[in-house]
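The values are calculated or read from the model by the stated rules, or taken from the named source; none is laboratory data. Model, not experiment: these values are computed from the prediction. Here the Cβ positions follow ideal geometry from the backbone for every residue, glycine too, while neighbour counts run over all protein chains shown. These accessible areas exclude ligands, DNA and RNA; they are computed on the full protein's heavy atoms, side chains included. Shrake-Rupley method; radii C 1.70, N 1.55, O 1.52, S 1.80 Å.
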Amino acid sequence: MAGDHDLERQADREARDQAEQRAERDERDERDRAAERGDLVAGRDPRKDPDDWVTGDEPMTGPQASYLETLAREAGEDVPPDLTKAEASKRIDELQERTGRGADRPD
C-alpha cells in the first residue's frame, strides 16, 4: 500500500507541475499576442490591472493556486487558500519578483 501512496503523491506533483507550466505558458502567450497587437508600449506590461478585472472577485483558479504554492514554497512563505483571482495575480507578481521566476516579463 505504501507504493500506492507514493504513486498518488507523484501523480499529484506531476499534476501541479503541469498546471504551473500551463499557467506560465498562458501568460507568455498572452504577452506574445499583446506584442503582436502592438499593446506593448515603452516596455509596459499590457495586462489589465487585476483590480479592474470583471471576474477578479471570483476564487483563484486551480493553476493560480498551484503556481502560488510553488512560488510560496520557494520564497518560504504561506499563501492563504481563499484568495480571489485578482489577489492571487498580485501575489504571483510579488513572489515572482522575490524568487526571480518570470524575470523575462516586461517591467
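Beta carbons closer than 7 Å, at least 6 apart along the sequence or on distinct chains, pair a first residue in region 10-30 that is in a helix (DSSP H, G or I) with a second that is among the aromatic types (F, W, Y) for E20/Y67; A23/Y67.
Scanning region 46-78 for residues that are at pLDDT below 90 and either touching a strand residue (DSSP E or B) at 6+ places or on another chain (Cβ under 7 Å) or open to solvent by less than 40 Å² (accessible area, probe 1.4 Å) (or both) yields P50, G56.
Within region 72-95, residues that are of a type in the set (D, E) reach partners that are in a helix (DSSP H, G or I) and open to solvent by 20 Å² or more (accessible area, probe 1.4 Å) with beta carbons closer than 6 Å, at six or more positions or on different chains, in the pairs E74/T99.
For region 85-92, check the following and say yes or no: at least one residue is in contact with a Pro (Cβ under 6 Å, 6 or more places away or on another chain), within 19 Å of R25 (Cα to Cα) and open to solvent by 40 Å² or more (accessible area, probe 1.4 Å). Yes, region 85-92 contains a residue that is in contact with a Pro (Cβ under 6 Å, 6 or more places away or on another chain), within 19 Å of R25 (Cα to Cα) and open to solvent by 40 Å² or more (accessible area, probe 1.4 Å).
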